[in-house]
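Input: a single structure, listed below in structure tokens.
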Amino acid sequence: MTYYIETVFLFGVLFLILIRSNSIIRQHKEKESISKIKTKEEFERKSEELKIRASKIIKQLRILFISEIVFGSISLIIMLSSLFKEYANLQLNSTFNQRTNAIAPYIDDQQQKILNSKWALMKSKDEYIEIKHYIEKIAKDNNINLPKELIKY
């Protein structure tokens, strides 16, 4: 769900940036016809005005482009960090399930329930390490070769 919201938000902002850049370009369209220019001075004045307008448009588009790059980079970092967090969570849970299945025949149902409860209520790295050592102790006491951890924490 988080990825969906981030993606919609990212594309929404990019869409708004495109609309804004389009409105900047349309706002500065020349409404007078070049054929109405009669003298050289008028031509020079009009060409100077167009140069100034063009430089303003280019500045505004550069600012929009840079803001799009910055926003896109920030969004990418947020999305990648969320993805890594979910990947780590999945790997930790898979390791726990593999290891508890490996020691299951050597513990009773009550111990299994307590182990699952501790895992579900875990809040810190210390609690994780305590659970990990408990599983490893049971494995060692029963001469079980546990599967390797899928991710180190």
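Just so you know, all these numbers are worked out from the coordinates, no wet-lab data involved. Nothing here was measured: the structure is a model prediction, and the numbers come from that model. Positions of Cβ are generated from backbone atoms using ideal geometry, with glycine treated the same way; all protein chains shown enter the neighbour counts.
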Along region 128-143, what does the Karplus equation 6.51 cos²θ - 1.76 cosθ + 1.60 (θ = phi - 60°) give for ³J(HN,Hα), rounded to whole Hz, x for Gly and Pro? 4, 5, 4, 5, 4, 5, 4, 5, 5, 5, 4, 5, 5, 4, 10, 6
Simple SL model, points at 7 angstrom along Cα→Cβ for ILE58 and GLU136; separation in nm is 6.3
Can you list the lysines whose alpha carbon sits under 29 Å from that of LYS118, skipping same-chain ones fewer than 8 residues off? LYS85, LYS132, LYS137, LYS140, LYS148, LYS152
Would you tally the net charge around LYS56, using a Cβ to Cβ cut-off of less than 12 Å, leaving LYS56 out, and scoring K and R as +1, D and E as -1? +3
